[in-house]
Amino acid sequence: MNKVRIVLVNTSHPGNIGAAARAMKNMGLARLYLVAPKVFPSDEADSRASGATDILENAVVVDTLEEAIADCQLVVGTSARERHIPWPLVDPRQAAEMVHEEQLESAFVFGREDRGLTNEELQRCHYHVHIPSVESFSSLNLGAAVQVLAYELRMRHLALQDAPIVASKWDVPAATADQLDHMLTHLESVLSKTEFLDPKAPRQVMTRFRRLFQRAQLDQQEVGMLRGMLTSVDKLDDKIK
Ligand code: SAH
């Protein structure tokens with residue numbers, strides 16, 4: 001559970017930050033990241049947190065989602081509804097299972113009260129998780145959504161306490177969000193030089209590459225290999241010149 005962080009993006013109501021902290025502490029989670037909260041710290045957050053003020057005191061406040069997830073190996077974004085480009089989608093139980101099984105540095109990202117996460121923010125996530133609410137009234141209160149995810153993480157944690165400990169399956173550590181970002185920036189620059197990318201419509205292609213590489217859940221060696229491959233293309237360009 002100490003590898004899991006809860007990230008709240010651009011929260012408007014400090015009461016929801018307090019409610020999230022309380023839900024976390026009830027379920028044994030401690031690491032709260034706040035991306036550009038509208039009001040924080042605040043008395044309202046403290047009072048809604050009840051006894052969970054330690055979580056608020058230790059909360060990490062940052063300006064961007066990138067900073068909040070830079071060292072994460074698994075990023076899960078929550079969404080109250082279906083979005084434009086299909087993305088790997090899991091339910092809260094599957095998400096909790098994945099986190100415990102793979103023992104990765106993980107983030108659960110929650111959006112704004114009025115409009116959730118932007119498409120760009122959702123695209124930074126390996127998986128999307130939707131709490132299966134009714135379609136005609138699908139959006140939960142932010143604190144309630146954190147509670148559901150935290151509860152599933154707790155249930156899985158308790159189930160595993162009776163089970164034998166499984167060693168991590170993979171031989172190389174999973175890549176972090178920051179490492180993947182650098183690889184994608186490198187890829188974009190090489191593909192622009194080779195003219196694979198059409199400068200008039202480059203964005204969607206890079207989004208699809210991001211989705212592809214995130215789906216593969218690359219390890220750090222694989223990111224290194226891809227970077228090496230891109231560097232060799234860069235060098236080829238120099239040789240031709
Ligand atoms: N009107 C917004 C809803 C935001 S609710 C929208 O359509 O996206 C605030 C946040 O609570 C969401 O960004 C998400 O993090 C979480 N949330 C609310 N309902 C959810 C659901 N059914 N499944 C997953 N997350 C949910």
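So, A107, is that one in contact (Cβ under 8 Å) with a residue 12 or more places away in the chain, among the hydrophobic types (A, V, I, L, M, F, W, C), surrounded by 15 or more Cβ atoms within 10 Å (Cβ to Cβ) and not in a helix (DSSP H, G or I) or not? Show your work before the answer.
Numbers: in contact (Cβ under 8 Å) with a residue 12 or more places away in the chain: yes; among the hydrophobic types (A, V, I, L, M, F, W, C): yes; surrounded by 15 or more Cβ atoms within 10 Å (Cβ to Cβ): yes; not in a helix (DSSP H, G or I): yes.
So A107 passes the test.
Just to be sure, is V134 within 16 Å of the ligand (Cβ to nearest atom) and closer than 27 Å to V62 by Cα?
When the stated conditions are applied, V134 does not pass them.
Condition check ((1) within 21 Å of Q147 (Cα to Cα); (2) aliphatic (A, V, I, L, M)) across all residues:
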{"position": "P86", "(1), (2)": "no, no"}
{"position": "V90", "(1), (2)": "yes, yes"}
{"position": "Q94", "(1), (2)": "yes, no"}
{"position": "E97", "(1), (2)": "yes, no"}
{"position": "S106", "(1), (2)": "yes, no"}
{"position": "E113", "(1), (2)": "yes, no"}
{"position": "N119", "(1), (2)": "no, no"}
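Go through segment 110-130 and give me each residue that's more than 7 Å from the ligand (Cβ to nearest atom) and either in contact with a Cys (Cβ under 7 Å, 6 or more places away or on another chain) or outside any strand (DSSP E or B) (or both).
Of everything in segment 110-130, those that are more than 7 Å from the ligand (Cβ to nearest atom) and either in contact with a Cys (Cβ under 7 Å, 6 or more places away or on another chain) or outside any strand (DSSP E or B) (or both) turn out to be T118, N119, E120, E121, L122, Q123, R124, C125, H126.
For M155, state whether it is closer than 30 Å to D171 by Cα and over 16 Å from the mean Cα position of the chain (by Cα). I'd like the intermediate steps shown before the answer.
On the way: closer than 30 Å to D171 by Cα: yes; over 16 Å from the mean Cα position of the chain (by Cα): yes.
Spelling it out, M155 is indeed closer than 30 Å to D171 by Cα and over 16 Å from the mean Cα position of the chain (by Cα).
Of the numbered conditions (1) of a type in the set (D, E); (2) in contact with a Leu (Cβ under 7 Å, 6 or more places away or on another chain); (3) within 14 Å of the ligand (Cβ to nearest atom), E102 satisfies every one except a single condition; which is it?
Condition (3) is where E102 drops out.
Let me confirm something: among E222, E188, E195, which residue is of a type outside the set (V, I, T) and over 26 Å from the mean Cα position of the chain (by Cα)?
None of the others qualify; the one that does is E195.
Name, by its number, the condition in (1) touching a strand residue (DSSP E or B) at 6+ places or on another chain (Cβ under 7 Å); (2) more than 14 Å from R5 (Cβ to Cβ); (3) surrounded by fewer than 16 Cβ atoms within 10 Å (Cβ to Cβ) that does not hold for Q94.
Of everything listed in (1) touching a strand residue (DSSP E or B) at 6+ places or on another chain (Cβ under 7 Å); (2) more than 14 Å from R5 (Cβ to Cβ); (3) surrounded by fewer than 16 Cβ atoms within 10 Å (Cβ to Cβ), Q94 misses just condition (1).
Taking strands (runs of 3 or more DSSP E) that do not extend beyond segment 1-101, which have at least 3 residues that are farther than 22 Å from L212 by Cβ?
The strands (runs of 3 or more DSSP E) meeting that bar are 4-9, 31-35, 60-62.
Please go through (1) more than 16 Å from the ligand (Cβ to nearest atom); (2) at positive phi for R210 and return the number of the only condition it doesn't satisfy.
(2)
Let me confirm something: among F196, F137, F213, which residue is surrounded by fewer than 16 Cβ atoms within 10 Å (Cβ to Cβ) and in contact with a helix residue (DSSP H, G or I) (Cβ under 9 Å, 6 or more places away or on another chain)?
Among F196, F137, F213, only F196 is surrounded by fewer than 16 Cβ atoms within 10 Å (Cβ to Cβ) and in contact with a helix residue (DSSP H, G or I) (Cβ under 9 Å, 6 or more places away or on another chain).
State which residue pairs qualify: first residue under 19 Å from G77 (Cα atoms) and in a helix (DSSP H, G or I) and inside segment 131-159, second residue within 12 Å of the ligand (Cβ to nearest atom) and hydroxyl-bearing (S, T, Y) in any location, beta carbons under 8 Å apart, and separation of 6 or more residues or different chains.
Correct list of pairs: L142/T11; A145/T78; L149/T78.
Does segment 196-204 contain any residue that is of a type in the set (F, W, Y), part of a helix (DSSP H, G or I), at negative phi and without any contact (Cβ under 8 Å) to a residue 24 or more places away in the chain?
no
No lab work stands behind these numbers, since they all come straight from the coordinates. Just so you know, these numbers come straight off a predicted model, no measurement behind them. Note that we place each Cβ from the backbone using ideal geometry, even for glycine, and neighbour counts take in every protein chain shown.
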